[in-house]
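**Q** A single structure is presented below for examination.
What follows is calculated from the coordinates using simple rules that are stated; it is not laboratory data. What you are looking at is a predicted structure, and each value in this text was computed from that prediction instead of being measured. No Cβ is skipped: glycine too gets one built from the backbone with ideal geometry, and neighbour counts run over all protein chains shown.
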Amino acid sequence: MSRFEFISILILILVSINVTAQETDPQRLIESIIESHLDKIDAQTNVALIIEDLEGFLEQPVNINATSKTELSRLYVLNDVQINKLFDYLNNYGPAYSIYELNTIDGFTPEILQKMEPFIWFGPKEENIKFGESFKTGKNQLLLRTLGTIQKARGYSPDSNGKIPFEGNRYRYYIRYRYEARERFSAGFTGEKDPGESFFRASNKQGFDYYSAHISLKINSTIENITVGDFLVRAGQGLILWQGYTSGKSENILAISKTNQGIRPSTAVDENLFFRGAATTLNFGKARLSIFYSQKKDDGNLVETDSTGIIITSLQTSGYHRTKNEIADKNSVRNTNFGATFSLYMRNLKIGTTFLKQQFEFPLIPANRLYNLYQFNGNANINAGIDYSFNRGIIQLFGEAAISKSKGKALIQGAILHLNDQLSFSMLFRHFDKNYHALWANTFAEGSKINNESGLYFGTKILPVKFVTLSAYSDFYRSQWIDYSKAAPSSGWDILVQADVAPTNKTGFYIRFKNEEKQAKIIQEERYVNVPVRNQKIRVHFNQQLNEKIKLKTRFEHVQYKGKEKENGFLVFQDLQYSSTLIPLNLTARIAWFKTDGYYSRIYAYENDLLYTFSIPSFFGTGFRTYLNLNFKISKKIDFWFKIANTSWTDRELISSGYNEIQGNNKTELKFQFRLKF
């Protein structure tokens with residue numbers, strides 16, 4: 001099928017469908033956030049925190065008149081300045097009674113209020129509750145989860161020497177308990193064993209491969225928080241320190257500044273990207289000071305040399321400890337971090353500073369390759385920076401500047417302009433020196449490492465007519481030095497255009513076009529050279545609410561990759577979401593067909609999954625993907641989830657490679673989860 005024929009078919013489908021649009025859907029917001037970063041999510045836990053927050057607010061919406069700044073930041077919608085303006089409004093005028101009233105607050109656009117609406121409510125203003133009394137409304141939650149693949153991978157069978165490479169069975173076990181007493185107290189623990197890891201035997205005689213725990217409490221208005229155990233720290237715009245989910249390029253062109261800053265407990269199962277120790281936040285009215293200390297052992301590859309002794313050649317972040325080599329890397333690197341953040345809040349302005357020192361037990365010395373010439377090398381790193389956020393009238397400005405021990409510098413500066421309800425703009429400039437080192441940095445960038453990049457981003461959102469939203473962005477970026485995938489300094493350009501149409505409350509659709517052009521390294525005449533690479537994606541997605549029980553989702557997607565070779569990829573799927581009005585049952589089912597010429601034309605698609613989890617399989621080759629995901633509420637306190645998913649390829653008899661290799665053309669996954677609330 002030619003590109004012209006494909007586009008023509010999509011246009012005919014658009015014309016033939018009776019489009020009547022979509023109501024505000026909180027699940028769509030969660031799905032949109034995740035799908036915006038599918039090709040850059042390298043661990044299942046990167047976005048787990050935002051799912052947990054928003055799913056929790058769907059069950060228990062935030063009372064706008066009796067909330068805290070920390071809780072509001074977890075909506076992932078408001079920045080620090082907007083949160084302060086909301087509190088100023090409530091203090092000056094008393095409780096708010098409707099979403100329309102918030103529209104009078106400077107900076108609260110209809111778009112922001114629409115995103116907030118599913119997660120908030122307008123209740124009575126509560127008086128200060130004493131610490132002991134808050135436990136009367138405390139809530140317990142216990143989660144039990146297991147999953148596995150029916151087909152056995154090669155790592156679970158004896159090799160040529162008669163030894164089984166993977167130490168454990170092919171199932172994942174997960175347990176999590178958490179107790180919360182409003183925002184005054186939180187305590188919990190998590191245990192997880194990945195597929196292939198042993199359980200109560202061999203190297204894991206203590207049970208789970210990974211354990212996490214925390215205690216967090218709010219003493220009073222001054223001692224805002226004390227956390228002991230595992231926690232996350234987020235500061236500024238992420239140039240120095242930002243753990244967990246971060247916003248980036250997406251169809252939500254206004255979501256380019258950081259929200260949800262501060263310290264919070266870590267409840268995810270990312271086994272390396274968190275702190276373990278103690279932290280506290282002190283509130284002095286218009287000023288906040290956070291201090292933290294962490295010492296834990298991370299996964300890394302150690303090598304003993306004659307000249308320098310033991311060195312770290314690389315840090316491992318997969319969290320897998322299945323084979324002899326993976327087990328040897330487990331908890332081999334002592335990583336110590338301590339630092340502080342300080343913020344000063346004024347009416348329209350927030351100014352902050354961040355300091356961080358990181359110390360390794362052994363020197364981190366990457367492989368002797370030219371692309372590693374400017375990468376971090378040594379035992380210790382120090383970062384310091386200053387950030388700000390300004391919001392007044394139709395404009396929001398934000399930025400951060402930072403420096404590392406190597407004297408490398410980094411800068412990010414952004415602006416969001418709301419001219420009116422129909423027209424908004426965003427802009428962001430970033431520059432990271434090639435020798436800037438910040439191992440905990442996580443900010444708006446094209447690359448995964450925050451160095452060796454300069455870029456300029458422009459975005460716009462237009463509402464030309466009622467129920468139609470046009471979004472577009474363009475991003476230009478370049479690097480001044482080579483990296484692992486480039487043979488020389490390089491540049492790139494991205495553009496995305498999306499049209500959302502939602503005339504009524506039953507059916508809607510959006511059309512998206514994305515074009516990425518950059519350079520990639522190949523071998524040509526026995527040497528590495530850069531060649532231009534282009535990746536174009538077209539997506540058409542429909543939502544239709546047939547009745548109060550049934551909702552349909554239909555998607556058509558085409559990918560065209562052009563590098564040294566040319567590839568095309570197609571994906572079509574149909575979703576059915578059913579919510580029973582007779583019994584407490586919700587289910588989602590999908591059938592998908594995919595056909596791609598190779599790996600470079602692969603297509604990602606978000607899947608509904610168990611509570612607080614998500615799936616983002618990539619499709620390449622030719623075949624079908626089906627799944628059924630159901631949630632049954634056994635009682636007011638007990639929920640049950642079950643998911644079965646199968647991928648069947650028609651162009652192969654072997655799946656994956658190495659120890660993950662499966663004989664045959666089918667891969668079937670089973671997942672179970674129980675939740676007990678008391």
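**Q** For a footprinting-style exposure proxy, rank 98, 485 by other Cβ within 10 Å, fewest first.
**A** 98, 485
**Q** With the cut-off at 1.5 for a/c, could you classify the range 47-199 from its C-alpha gyration tensor as rounded, prolate or oblate?
**A** Here the range 47-199 falls in the prolate category.
**Q** Normalised by the number of residues in the range 151-193, what is the relative contact order in percent for Cα pairs under 8 Å and 6+ residues apart? Show your work: numbers first, answer last.
**A** Numbers: 43 pairs, mean separation 11.9, N = 43.
Contact order relative to length: 28 percent.
**Q** What would the Debye formula give as log10 I(q)/I(0) at q = 0.22, 0.27 Å⁻¹ for the alpha-carbon point model of the range 470-542, no solvent?
**A** Debye output, listed in q order: -0.93, -1.14.
**Q** Can you tell me the mean projection area, over all orientations, of the convex hull of the range 279-420's alpha carbons? Units nm², please.
**A** Value for the range 279-420: 12.5 nm².
**Q** Here is a follow-up. So for the pair residue 334, residue 581, with labels modelled 7 Å out along Cα→Cβ, what separation do we get in nm?
**A** 6.5
**Q** Which order do the peptides 514-523, 462-471 take when ranked by the mean count of other beta-carbon atoms within 10 Å per residue, highest first?
**A** 514-523, 462-471
**Q** Moving to a separate point now. On a C-alpha basis, how far is the centre of the range 171-227 from the centre of the range 408-462 in Å? Whole number, if you could?
**A** The two parts, judged by their Cα centres, are 34 Å apart.
**Q** A follow-up question, please. Mean 1/r over all different Cα pairs, inverted: what Kirkwood radius does the range 579-654 give, in Å?
**A** For the range 579-654, the Kirkwood estimate is 14.2 Å.
**Q** How would you classify the range 212-294 from its alpha-carbon gyration tensor, with a ≥ b ≥ c the square roots of the eigenvalues: rounded for a/c under 1.5, else prolate if a/b is greater than b/c, otherwise oblate?
**A** Oblate, since a/c reaches 1.5 and b/c is not below a/b.
**Q** Here's a follow-up. To make sure I understand, if each residue's beta carbon is the centre and we count other beta carbons within 10 Å, what order do 55, 653 fall in, fewest to most? Display every interim value, and only then the final one.
**A** Working: 55 14, 653 8.
Listing 55, 653 from fewest to most nearby Cβ atoms yields 653, 55.
**Q** Would you kindly compute the Cα radius of gyration of the range 318-389 and its largest Cα-Cα separation (Dmax), both in Å?
**A** Over the range 318-389's Cα set, Rg and Dmax evaluate to 18.1, 57 Å.
**Q** Now, a different point. Points 7 angstrom from Cα along the Cβ direction at residue 420 and residue 663: gap in nanometres?
**A** 7.0
**Q** Calculate log10 I(q)/I(0) of the range 384-439 for q = 0.16, 0.26 Å⁻¹, where I(q) comes from the Debye formula with a single equal point scatterer on each Cα and nothing for solvent.
**A** -0.56, -0.96
**Q** In the structure shown, do any of 69/258; 486/518; 357/405; 152/667; 350/409 have a Cα-Cα gap over 18 Å, and if so which?
**A** 350/409
**Q** Along its three principal axes, how long is the chain when you only count alpha carbons? Whole Å, largest extent first please.
**A** 74, 68, 54
**Q** Hey, how much of the P(r) for the range 128-243 falls beyond 24 Å, as a percent of Cα pairs?
**A** Working: 3353 of 6670 pairs.
That tail contains 50 percent of the Cα-Cα pairs.
**Q** Over the Cα atoms of the range 350-459, what radius of gyration and what Dmax do you get, in Å?
**A** Rg then Dmax for the range 350-459, in Å: 16.7, 56.
**Q** With n ≥ 4 as the cut-off for DSSP H runs, can you work out [θ] at 222 nm for the chain, using -39500 (n - 2.57) per run divided by the number of residues, rounded to the nearest 500?
**A** Taking each H run of at least 4 residues, the total per residue is -3000 deg cm²/dmol.
**Q** Given a Förster distance of 56 angstrom, what is the FRET efficiency for residue 429 paired with residue 160, based on the Cβ-Cβ distance and rounded to 0.05? Walk me through the numbers on the way to the answer.
**A** On the way: r = 56 Å, r/R0 = 0.99.
So, using R0 = 56 Å, E works out to roughly 0.50.
**Q** Given that compact globular proteins tend to follow 2.2 N^0.38 Å, what is the ratio of the alpha-carbon Rg of the range 613-678 to that value?
**A** 1.47
**Q** Determine one quarter of the surface area of the Cα convex hull of the range 509-556, which equals its mean projected area, and express it in nm² to one decimal. Before the final figure, lay out each step's value.
**A** Values: hull surface 19.2 nm².
Taking a quarter of the hull surface, the average projection is 4.8 nm².
**Q** For the range 374-413, divide the Cα radius of gyration by the Kirkwood radius and give the resulting Rg/Rh value with two decimals.
**A** Rg/Rh for the range 374-413 comes to 1.19.
**Q** May I ask you to sort 263, 253, 226 by Cβ crowding, counting other Cβ atoms within 10 Å and putting the fewest first?
**A** Taking fewest neighbouring Cβ atoms as first place, the list is 226, 253, 263.
**Q** For the range 541-678, list log₁₀ I(q)/I(0) at each q in 0.09, 0.14 Å⁻¹, using the Debye formula over Cα point scatterers of equal strength and ignoring solvent, two decimals each.
**A** These q points yield log10 I(q)/I(0) values of -0.34, -0.75.
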